[in-house]
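J.: Sharing a structure with you now.
The values are calculated or read from the model by the stated rules, or taken from the named source; none is laboratory data. Here the structure is a predicted model, which means the values were calculated and not measured. Reconstructed Cβ throughout: ideal geometry from the backbone, glycine too, with neighbour counts over all protein chains shown.
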């Protein structure tokens, strides 16, 4: 499931698959507000910045504005 909410010039994307959830957005205050709302209704853990989801490795270079997704581990497992 993919949910998207647009604020004034701000997007927050929430991706949910079974028991994995990823929240993405540029405004941390709004992301934290969303997480607080979710915690009021659901039992969940905040595992911090995402390093992996659904077998994809996530790496980022904030200073360069680069986000990389890698499926190398799954690829090696299949081969």
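J.: Return the pair list, or none, for Cβ contacts closer than 7 Å from residues in segment 47-71 that are modelled with pLDDT under 85 to residues that are in a loop (DSSP other than H, G, I, E, B) and loosely packed, with under 14 Cβ neighbours inside 10 Å, at least 6 apart or on different chains.
T.: Taking only residues 6 or more apart or on different chains, the pairs are 55/71.
J.: Also, I was wondering about something else. Need the failing condition index for residue 75 against (1) modelled with pLDDT of 85 or more; (2) surrounded by 10 or more Cβ atoms within 10 Å (Cβ to Cβ); (3) out of contact with any strand residue (DSSP E or B) (no Cβ under 8 Å at 6 or more places or on another chain), just the number.
T.: So residue 75 meets the others, but not (1).
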